[in-house]
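What follows is a short report on a single structure.
No value in this document is a laboratory result; all are computed from the given coordinates. No experiment lies behind these values; they were computed from the predicted model shown. Cβ sites come from the backbone with ideal geometry, for glycine too, and all protein chains shown count toward neighbours.
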Amino acid sequence: MTTTPSKIQITVRGVDLKINANVWDDYEIIELLGGAEKNITALADVLEKVYGAAQLKKIKAKIKEDMGYVSSSEISKFLGETMQAAAPN
């Protein structure tokens with residue numbers, strides 16, 4: 001039996017997001033994060049899995065608005081801020 005994970009609403013840098021409540025307990029995401037250290041393009045897979053295409057588009061637009069381009073270091077920081085907002089304890 002498959003269950004649909006519940007969603008939580010968070011706001012990061014003024015961007016409203018809905019992400020899976022168990023996002024940081026998802027082993028597939030952990031595997032992807034581990035691969036990101038060896039392969040920087042794996043970060044794109046992590047972002048897609050965490051946010052989904054529509055929300056990722058909003059995040060990239062916000063970073064581009066702030067920086068003038070979509071900075072990979074800023075999008076990594078955004079992911080870290082998402083982690084803190086989703087699991088503040």
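For this structure, a couple of remarks:
- Helix-derived mean residue ellipticity, 222 nm - over the chain, DSSP H n ≥ 4, -39500 (n - 2.57), to 500: -20000 deg cm²/dmol
- Integer Hz, Karplus 6.51/-1.76/1.60 couplings in order for region 50-58, x for Gly and Pro: 6, 9, x, 4, 5, 6, 4, 4, 5
- For GLU65 and ILE10, the difference between the fully extended length at 0.36 nm per residue and the C-alpha to C-alpha distance is 17.8 nm.
- Taking the centroid of alpha carbons for each part, region 66-81 and region 9-35 are 15 Å apart.
- Extension gain (nm, one decimal) between LYS77 and ALA54, 0.36 nm per residue minus Cα-Cα: 6.4 nm
- Charge dipole of the chain (Cα centre as origin; +1 on each Lys and Arg Cβ, -1 on each Asp and Glu Cβ, all else neutral): 340 debye, rounded to the nearest 20.
- With viscosity 1.002 mPa s and temperature 20 °C, the Kirkwood radius over alpha carbon pairs of region 43-89 converts through Stokes-Einstein to a diffusion coefficient of 196 µm²/s.
- Hydrodynamic analysis of the chain uses the Kirkwood radius over alpha carbon pairs. Inserted into Stokes-Einstein at 10 °C and 1.306 mPa s, it gives a translational diffusion coefficient of 117 µm²/s.
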